[in-house]
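The values are calculated or read from the model by the stated rules, or taken from the named source; none is laboratory data. Quantities reported herein were computed from a predicted structural model and do not represent experimental measurements. Here Cβ is always computed from backbone atoms with ideal geometry, including for glycine, and neighbour counts include all displayed protein chains.
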């Protein structure tokens, strides 16, 4: 049966914020949830507070965005930690965000790992289990945002943690369903229109087109939230295009759980 492009769908648009880039306030108007840097890969107490305040004004869900303690590489370089070290790394950042939310009179909604931590956990059951275990211990009502079909989603579900399957508007996918590494020249789409078209396909058709050498196919993918990187040069342009494109196609923004 062909997909009805007039049927109603819902999606969350999330954005990585509080990382020291200038467009956070502009982006808030076009998203429904924010992943706030916890001071390890980027940010500090001041940026955390200011970003939470922006979320409260725009009624955007507040999330913790824990990453490796590696500001020099923006948390995008692989680090190999023992299970206990990884547990403490993630727990410290979530507790920090919980404390900030408490001071602001609001609640933390979700956790989304950042950068190399996210990508490593997506393909590593042990890391995913450890991250999910932190959430189960600290606050099992929190949602975990993770790459669609990844170990982050699977291991969290085993522990009874609520998950949100994430897809990416501006990133290309490998045939195995993982993101093409940033180091490759074809990792990103060059135009906003291409990013919008992929996003609509993932939401409406529940597939994504993958290309590898001479191989081209559509593979299944489940999209509950779609990511915009706040550090992207064209982040605001992309956010606007997705926001307006979704409205035009009868896709409604919805915070997970609401």
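Key figures for this structure:
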read-out: Test: residue in the stretch 206-227 that is at pLDDT 95 or above, buried (at least 17 other Cβ atoms within 10 Å of the Cβ) and out of contact with any strand residue (DSSP E or B) (no Cβ under 7 Å at 6 or more places or on another chain); value: no
read-out: The stretch 40-73 - residue that is in contact with a helix residue (DSSP H, G or I) (Cβ under 7 Å, 6 or more places away or on another chain) and assigned to a loop (DSSP other than H, G, I, E, B) and, of those, farthest from residue 118 (Cα to Cα); value: 60
read-out: Count of residues meeting criterion [over 15 Å from residue 34 (Cβ atoms) and crowded, with 17+ Cβ neighbours inside 10 Å] in the stretch 243-258; value: 4
read-out: Those helices (runs of 4 or more DSSP H) lying entirely in the stretch 84-183 with at least 1 residues without any contact (Cβ under 8 Å) to a residue 12 or more places away in the chain and either out of contact with any helix residue (DSSP H, G or I) (no Cβ under 7 Å at 6 or more places or on another chain) or surrounded by fewer than 22 Cβ atoms within 10 Å (Cβ to Cβ) (or both); value: 151-158
read-out: Residue list for the stretch 184-195, restricted to those being free of Cβ contacts under 8 Å to residues at least 40 places away in the same chain, out of contact with any strand residue (DSSP E or B) (no Cβ under 7 Å at 6 or more places or on another chain) and under 22 Å from residue 245 (Cβ atoms); value: 189, 190, 191, 194
read-out: Among (1) under 20 Å from the mean Cα position of the chain (by Cα); (2) surrounded by fewer than 21 Cβ atoms within 10 Å (Cβ to Cβ); (3) farther than 30 Å from residue 250 by Cβ - the single one residue 56 does not satisfy; value: (3)
read-out: Matching option when the condition is closer than 19 Å to residue 238 by Cβ and at pLDDT 95 or above, among 57, 13, 48, 52; value: 13
read-out: Given (1) out of contact with any helix residue (DSSP H, G or I) (no Cβ under 6 Å at 6 or more places or on another chain); (2) farther than 14 Å from residue 239 by Cα, index of the condition residue 193 fails; value: (2)
